[in-house]
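Following: one structure in structure tokens, then a few remarks.
What follows is calculated from the coordinates using simple rules that are stated; it is not laboratory data. Note that the structure is a prediction, hence the values are computed from the model and not measured. In this analysis, Cβ positions are derived from the backbone assuming ideal geometry, glycine residues included, and neighbour counts consider all displayed protein chains.
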Amino acid sequence: MGLSLYNTLTRRVEPFAPLDPACPTMYLCGPTVYNYVHIGNARGPVAFGVLAALLRRRYGGLRYARNITDVDDKINAAAKELGAPISAITDKYAAAYRADMAALGVGGEFAPDMEPEATRHIAQIVAMIERLIAEGHAYAAEGHVLFSVASFPGYGKLSRRDPEEMLAGARVEVAPYKRDPGDFVLWKPSTDDLPGWDSPWGRGRPGWHIECSAMAAAHLGDTIDIHAGGIDLQFPHHENEIAQSECAHGGRVFARWWLHNGMLNFGGAKMAKSVGNIQRVHDLLREYPPEALRYALLSAHYRQPLEWSDALIEQAVCTLDRLYGTLRDLADVDAPPAIPAEVEAALCDDLNTPQVLAEISRLAGEAGKAGSPTDRSALKSRLLGAGLALALLQQDPAAWFARGVSGDDDARIQALVDERNAAKKDRDFARADAIRDRLAAEGVLLEDTPQGVRWKRA
């Protein structure tokens, strides 16, 4: 069973084979840390975290980098608005991002091995710019350094855009120091009130695109196996990364596979800060179980758009209630997780997470009906393993149903359920109904199952 991935560069699904058979390399564009990220920004880390775990299982190793952009005009604007030091802004929101991703299950085998920060790679950025100038691919002008798009014949090969068409009808004013309207900034000057570093072109700071190229090369080499990110980054960010990286490294291929996740839509429109329809991960984590958010993010194929809504999250909660209910009914069965071959095959087919979720649902249904101890053990093992492949279903069922409520409260609710059961056995139906109504008023729902009465919070 081979791994196949859709390559945006070629527009087809291709068998994957890393340069190093024992250790693939992968780079994921991370956040610009000036605010809390919205849920759309979490789709890449969640989906490609599943890929990271898969690569580690298949090849035994992985070098996986996800960057932090901690120098940017948006950060400067946020610091100015709040009257706070820039480092205070970047430190706060980088920490918040890490915490939010961890809450969404992006940890352990699903997490990057390294998290390079742009400000710690200024020397590498300057060195790459110097190489581009020396090779005739970049030029200095008025304290800026710009990449010459015309110097790279392959420009546009990722996005399939013609450079001439990109400029046609452009209504933006072209800076006078540019030789060509499509040339993009590698380095720009900084005033005293902005972050800046000494360079051959004066005190300044890097452009956004060169940061990722320099960090990827520093940690993963001139050529990497996989570069991943949101489809909105395909142009111009990833296109520019290819141009400057391949020109800086003697024409060597920058990334062999390009993987792009689709956008999250909210109310029919792309979720974006500029549109004003964002839902921040930080806020959603306070409102919903983190695992339900993760389930919802994996419910559609990573390349497809995902319509985000409260209904989608609530459906995920209900589904997880059912799955954890099955695991609770199997609490007496000792079964270590084992990832089924069908699950591994679905993930090897371009990360088909919806198929895995369908397999999880099927296994839970069979496990719930299994009678023999052997069948119950085998099905629980496969169910836990299928969940493990997606970082789902790894909680104790009691913890899931608790929803953050104290164990003391769980014990109180269970005592009331037991009291109700006793009342029904004694045919004291009035008392049984009163307890049921009391629990319902608290948002606790009772379910009659072949294994007895179980409860869950609404």
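Quick one: in the range 11-261, what % of C-alpha pairs are over 28 Å apart?
34
For the chain, lysine pairs with C-alpha atoms less than 17 angstrom apart, excluding pairs fewer than eight positions apart on the same chain, total 6. Between the amide H of Val444 and those of Ala458, distances stay under 5 Å, these residues lying 5 or more places away or on another chain, with hydrogens modeled in the peptide plane. Each residue of the range 282-291 was assigned a 3J(HN,Hα) from its phi angle through the Karplus curve 6.51 cos²θ - 1.76 cosθ + 1.60 (θ = phi - 60°); the sequence is 4, 7, 4, 5, 7, 9, 10, x, x, 5 Hz, with glycine and proline shown as x.
Over what distance in Å are the Cα centres of the range 63-99 and the range 301-362 separated? For the range 63-99 versus the range 301-362, the Cα centre distance is 34 Å. Taking the longest Cα principal axis of the chain as reference, the axis of helix 122-134 is set at about 40 degrees. Annotation: amide H of Asp350 within the under-5 Å range of Ser4, sequence separation 5 or more or interchain, hydrogens built in the peptide plane.
When peptides 13-23, 148-158, 28-38 are ranked by their average number of other Cβ atoms within 10 Å per residue, the highest-first order is 28-38, 148-158, 13-23. Scanning residues 5 or more positions from Leu306 or on other chains, those with amide H under 5 Å from its amide H are Met263, Leu264, Asn265, with H placed 1.01 Å from N in the peptide plane.
To make sure I understand, if each residue's beta carbon is the centre and we count other beta carbons within 10 Å, what order do Met26, Met1 fall in, fewest to most?
Arranged by neighbour count, lowest to highest, Met26, Met1 become Met1, Met26.
A compact globular protein would have a Cα radius of gyration near 2.2 N^0.38 Å; the ratio found for the range 266-399 is 1.15. Mean residue ellipticity, 222 nm, helices only, the chain: the sum of -39500 (n - 2.57) across DSSP H runs of n ≥ 4, divided by residue count and rounded to 500, is -14000 deg cm²/dmol.
Karplus-derived 3J(HN,Hα) values for the range 237-246, using 6.51 cos²θ - 1.76 cosθ + 1.60 with θ = phi - 60°, are 4, 6, 4, 5, 4, 4, 4, 6, 5, 5 Hz; glycine and proline are entered as x. Once the chain from Glu142 to Ser159 is taken as fully extended at 0.36 nm per residue, the excess over their C-alpha distance is 3.1 nm. Beta-bridge orientation, the range 11-261: approximately 40 percent antiparallel, per DSSP, counting only bridges with both partners inside. Measuring between their Cα centroids, the range 234-259 and the range 420-449 lie 64 Å from each other. Panel order for Leu363, Leu284, by other beta carbons found within 10 Å of each beta carbon, from fewest to most: Leu284, Leu363.
With both partners inside the chain, how many of the DSSP beta bridges are antiparallel, as a percent to the nearest 5?
Working: 24 of 44 bridges.
The antiparallel fraction comes to roughly 55 percent.
Expressed in Å, the radius of gyration and Dmax of the Cα atoms of the chain are 26.0, 90. Residues with beta-carbon under 11 Å from that of Ala423, excluding Ala423: net charge, scoring Lys, Arg +1 and Asp, Glu -1? Around Ala423, the charge tally is +1. Counting neighbouring Cβ atoms within 10 Å and putting the fewest first, the residues Trp308, Trp197 line up as Trp197, Trp308. Only Cα pairs under 8 Å and 6+ residues apart enter the sum, and on that basis the relative contact order of the range 11-261 stands at 22 percent. Rounded to the nearest 0.05, what FRET efficiency do Trp197 and Ala77 have when you use their Cβ-Cβ distance and R0 = 25 Å? Approximately 0.80, to the nearest 0.05. Each residue of the range 98-113 was assigned a 3J(HN,Hα) from its phi angle through the Karplus expression (A = 6.51, B = -1.76, C = 1.60, θ = phi - 60°), giving 4, 5, 5, 5, 4, 4, 7, x, 8, x, x, 5, 9, 9, x, 7 Hz with x at Gly and Pro.
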